[in-house]
1. Looking only at the range 100-114, filter to residues that are among the polar types (S, T, N, Q) and not in a loop (DSSP other than H, G, I, E, B); which one of those is farthest from ARG153 (Cα to Cα)?
2. Can you pull out every residue in the range 127-181 that is of a type outside the set (A, V, I, L, M, F, W, C), touching a residue at least 24 places away in the same chain (Cβ under 8 Å) and closer than 16 Å to ALA45 by Cβ?
3. Which of the numbered conditions does ASP106 fail, given that it passes all the others? Conditions: (1) out of contact with any helix residue (DSSP H, G or I) (no Cβ under 9 Å at 6 or more places or on another chain); (2) at pLDDT 95 or above.
4. Out of LEU119, LEU154, LEU140, I need the residue that is modelled with pLDDT of 95 or more, surrounded by fewer than 13 Cβ atoms within 10 Å (Cβ to Cβ) and assigned to a helix (DSSP H, G or I). Which one?
5. Could we say that ALA130 is surrounded by 13 or more Cβ atoms within 10 Å (Cβ to Cβ) and of a type in the set (Gly, Ala, Ser) here?
6. Being assigned to a helix (DSSP H, G or I), at pLDDT 90 or above, farther than 30 Å from LEU146 by Cβ and among the small types (Gly, Ala, Ser) narrows it down to one residue among ALA80, ALA97; which is it?
7. Considering the range 61-77 alone, what residues qualify as being polar (S, T, N, Q) and assigned to a loop (DSSP other than H, G, I, E, B)?
8. Which ones in the range 57-107 are aliphatic (A, V, I, L, M) and under 19 Å from ASP138 (Cα atoms)?
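The values are calculated or read from the model by the stated rules, or taken from the named source; none is laboratory data. Source: prediction; values computed, not measured. Cβ: placed from backbone, ideal geometry, glycine included. Neighbour counts: every protein chain shown.
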Amino acid sequence: MKKLGALVAIAGVALLTVASPAAAQAQPPPPAQGPELPAGRPISAGEIQRLFDAYMMIQAQEALKLSEAQYGRFVTRLKALQDTRRRHQQTRNQILADLRRLSNPDSGTSDETLITERLKAFRDEEERGAGELRKAYDALDEALDLRQQARFRLFEERMEQQKIELLMRARQNARAQAQRRGR
């Protein structure tokens, strides 16, 4: 587990030190608000999520004041929580895409049986996902004391805000690069 922690720490430090030379000259660096994006190439949403997950694990140790003994259990359980959340979101998104396609008035088909089936699948996935997330949170909470559990909920909210900000910056950078290429 120490090796995993060290690898995550190294990845996080590497993420935080990667910066675009042009951006560094144009403006002062913003305060540390999440991992920096690699410069010079497009980055997928999945890559951003993986980078952010690694960053979150590193930041959690400090924010929650985890002991060495707690950290290994915590990281394993945090990863399980993140995987559960991601798996549920992917299934949910697929069902929503099916519903969008089936309910599109321009598609010319309106199979109510299929729509009913997908709506039931959506409800079932929401219930299954909520149950799995509760179990993942319960397992994670077992690795933390009461104050750490409370701090984790606050930490998670702060990390979600930072992720949103990071995604917005990535979109702005992509637009700026597209405009520069279009000149």
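1. Initially, the range 100-114 is screened for residues among the polar types (S, T, N, Q), giving 103-104, 107, 109-110, 113.
This time we only want the ones that are not in a loop (DSSP other than H, G, I, E, B), so: 103, 107, 113.
Details: SER103: 37, SER107: 43, THR113: 41 Å.
Per the stated criteria, the residue is SER107.
2. Correct list: GLN162, LYS163, GLU165, ARG169, ASN173.
3. Every listed condition holds for ASP106 apart from (2).
4. Values: LEU119 fails: surrounded by fewer than 13 Cβ atoms within 10 Å (Cβ to Cβ); LEU140 fails: surrounded by fewer than 13 Cβ atoms within 10 Å (Cβ to Cβ).
None of the others qualify; the one that does is LEU154.
5. Numbers: surrounded by 13 or more Cβ atoms within 10 Å (Cβ to Cβ): no; of a type in the set (Gly, Ala, Ser): yes.
Taking the combined requirement at face value, the residue does not satisfy it.
6. Details: ALA80 fails: farther than 30 Å from LEU146 by Cβ.
Of the residues listed, the single one that is assigned to a helix (DSSP H, G or I), at pLDDT 90 or above, farther than 30 Å from LEU146 by Cβ and among the small types (Gly, Ala, Ser) is ALA97.
7. Let us first name the residues in the range 61-77 that are polar (S, T, N, Q), namely 61, 67, 70, 76.
Of everything in the range 61-77, just one residue is polar (S, T, N, Q) and assigned to a loop (DSSP other than H, G, I, E, B), namely SER67.
8. If we filter the range 57-107 for residues that are aliphatic (A, V, I, L, M), which is where we start, we get 57-58, 60, 63-64, 66, 69, 75, 78, 80-81, 95-97, 99, 102.
Answer for the range 57-107, where residues must be aliphatic (A, V, I, L, M) and under 19 Å from ASP138 (Cα atoms): MET57, ALA60, LEU64, LEU66, ALA69, VAL75, LEU78, ALA80, LEU81.
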